[in-house]
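**Q** The structure under discussion is supplied below as structure tokens; questions concerning it will follow.
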Amino acid sequence: MKLVQLFKTPNAFYAFDAPMGKMIEVSEELYKYLETNQTGTEDAPEEFKLYSSQGFFRAESPVKQISHPYTKILDTYVERKLSKITLQLTQQCNFRCNYCIYSEDHSKMQRSHSNKKMDFSVAKKAVDFLWEHSVDSPDANIGFYGGEPLLVFDLIKQVIEYSKELFYGKLITYNITTNGSLLEDDVVDYLVENGVSLMISLDGPKSIHDSNRHFANGRGTYDDVMAKIQRIKERHPAYWKDIQYSMVMDPANDFDEISKICNEESIVSKNVTASMLDQDYDGIVPEASDEYIRNYEYGLFLAYLAHWKRYPEDKVSPISLHGVESSLGQMYHIDMM
């Protein structure tokens, strides 16, 4: 890899020096020189010699090794401090969402929906592995994922009952990501009894949600999912308050319209986490409407103002607020490392 990358615009010429981590504007003469020679010769332009005296255009990078601060203790973490595993229990799903990376019509780099499901013997080995490698972790967590994991609810119960016995004396928690359509009373009762954290996929109000998330027969899923959420609210109000919602935002829609889901009485708006529709696996770049871009950017602007107490939080989309708080939290974490 070249240590110096060259760029030009209609009005200027630039060089990015990777070891220095700096972009500098250069003359056309130096730009053409660097295109053929980046290490310097006797006939190098004076401008090259000047930058070289300041540390630019080195023949070799001064960086010999790049490693994460945790690299030296990674083996210890793997052997003794694991705290979580996620089990893909099944590749079956009763939904056929337009953007699903496991769709039969998309994502040729991924597996597609199938009838494959995990056998309990395999799940048991995974739980045993977590137990054996979490000696120094004060607690442990098992996540259930699919496909739609509730299609194999009996397997979920087997894993929970086995892990409760195995991890006796250590705090063991569970979480599940579901499309929400199979949350029957007996299923919810079991999740509540065992403290299973629940995340439901929900993409916006009815018209927006149903445009992408539908059953295998093509019927929209919004009414079914919302009915299940409302039922949980009525039967287990304390549990309902902690339900998390995963939203995939399709930028073809208006951001303000998407955000209206937060006004639903059946939804705890602060528990909505949103991400942008990603079709990298398909090689498709989602087209964002002008309304989406304008309202999304303005929402972030108001959320930053609200974060710094310059604007009322109750007038800002909870989606924007959550996004800003998450970004600032990650920046703080990086700064502390």
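**Q** Please verify whether LYS116 is open to solvent by 80 Å² or more (accessible area, probe 1.4 Å) and either of a type in the set (A, V, I, L, M, F, W, C) or under 30 Å from VAL248 (Cβ atoms) (or both), treating the condition exactly as stated.
**A** yes
**Q** Continuing with this model, one more query. For segment 123-152, give me each residue that is over 14 Å from ILE85 (Cα atoms) and more than 25 Å from the chain's Cα centre (by Cα).
**A** VAL135, ASP136, PRO138
**Q** Does segment 74-90 contain any residue that is in contact with an Asp or Glu (Cβ under 9 Å, 6 or more places away or on another chain), within 30 Å of VAL135 (Cα to Cα) and of a type in the set (Gly, Ala, Ser)?
**A** Yes, that holds for at least one residue.
**Q** For segment 301-321, give me the residue count where each residue is assigned to a helix (DSSP H, G or I) and either surrounded by fewer than 15 Cβ atoms within 10 Å (Cβ to Cβ) or modelled with pLDDT under 90 (or both).
**A** Qualifying residue count for the region: 4.
**Q** While we're here: When the residues of segment 264-278 are filtered to those that are open to solvent by 60 Å² or more (accessible area, probe 1.4 Å) and closer than 19 Å to LYS233 by Cβ, which remaining residue is nearest to the chain's Cα centre (by Cα)?
**A** So, considering only residues that are open to solvent by 60 Å² or more (accessible area, probe 1.4 Å) and closer than 19 Å to LYS233 by Cβ, the one nearest to the chain's Cα centre (by Cα) is LYS270.
**Q** Across segment 166-210, what is the total count of residues that are open to solvent by 30 Å² or more (accessible area, probe 1.4 Å) and either polar (S, T, N, Q) or touching a residue at least 60 places away in the same chain (Cβ under 8 Å) (or both)?
**A** 6
**Q** Hey, another quick one. Could you give me the residue pairs with C-beta distances under 8 Å whose first residue belongs to segment 107-122 and is among the hydrophobic types (A, V, I, L, M, F, W, C), whose second residue is at pLDDT below 95 and open to solvent by 60 Å² or more (accessible area, probe 1.4 Å) wherever it lies, and which are 6+ apart or on separate chains?
**A** Short answer, once both residue conditions are applied: MET109/TYR281.
**Q** Do you know which of the residues in segment 26-48 that are open to solvent by less than 70 Å² (accessible area, probe 1.4 Å), part of a loop (DSSP other than H, G, I, E, B) and on the phi < 0 side of the Ramachandran plot is modelled with the highest pLDDT?
**A** Ranking the qualifying residues of segment 26-48, first place goes to SER27.
**Q** Which residues, counting only those in segment 234-247, are under 24 Å from SER317 (Cβ atoms) and more than 27 Å from the chain's Cα centre (by Cα)?
**A** The answer is none; no residue qualifies.
**Q** On to the next question. Name the residue that is most open to solvent (accessible area, probe 1.4 Å), counting only residues in segment 234-255 that are part of a helix (DSSP H, G or I) and touching a residue at least 40 places away in the same chain (Cβ under 8 Å).
**A** For segment 234-255, the residue satisfying everything is ARG235.
**Q** Quick one: is LYS228 open to solvent by 20 Å² or more (accessible area, probe 1.4 Å) and either touching a residue at least 40 places away in the same chain (Cβ under 8 Å) or not in a helix (DSSP H, G or I) (or both)?
**A** Yes; evaluated as a whole, the condition is true for this residue.
**Q** Among the residues of segment 197-217, is there at least one that is farther than 28 Å from ARG294 by Cα, of a type outside the set (Lys, Arg) and assigned to a helix (DSSP H, G or I)?
**A** no
**Q** Can you tell me which of (1) open to solvent by 60 Å² or more (accessible area, probe 1.4 Å); (2) among the small types (Gly, Ala, Ser); (3) under 20 Å from the mean Cα position of the chain (by Cα) is the one ALA216 doesn't meet?
**A** All conditions are met except number (3).
**Q** Pull up segment 49-77, narrow it to residues that are more than 17 Å from PHE7 (Cβ to Cβ) and in contact with a strand residue (DSSP E or B) (Cβ under 9 Å, 6 or more places away or on another chain), then point me to the one that is most open to solvent (accessible area, probe 1.4 Å).
**A** ARG58
**Q** Going by the conditions given, is VAL225 of a type in the set (Val, Ile, Thr) and under 30 Å from LEU150 (Cβ atoms)?
**A** yes
For (1) modelled with pLDDT under 95; (2) touching a Phe, Trp or Tyr at 6+ places or on another chain (Cβ under 8 Å); (3) open to solvent by 50 Å² or more (accessible area, probe 1.4 Å), each residue gets a yes or a no:
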residue: SER103; (1), (2), (3): yes, no, no
residue: SER107; (1), (2), (3): yes, yes, no
residue: LYS124; (1), (2), (3): no, yes, yes
residue: ASP128; (1), (2), (3): no, no, no
residue: TRP131; (1), (2), (3): no, yes, yes
residue: ASP139; (1), (2), (3): no, no, yes
residue: GLY146; (1), (2), (3): yes, no, no
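The values are calculated or read from the model by the stated rules, or taken from the named source; none is laboratory data. Computed from a predicted model, the values in this text were never measured in an experiment. Reconstructed Cβ throughout: ideal geometry from the backbone, glycine too, with neighbour counts over all protein chains shown. Heads up: the accessible areas ignore ligands, DNA and RNA and are worked out on the full protein's heavy atoms, side chains in. Shrake-Rupley method; radii C 1.70, N 1.55, O 1.52, S 1.80 Å.
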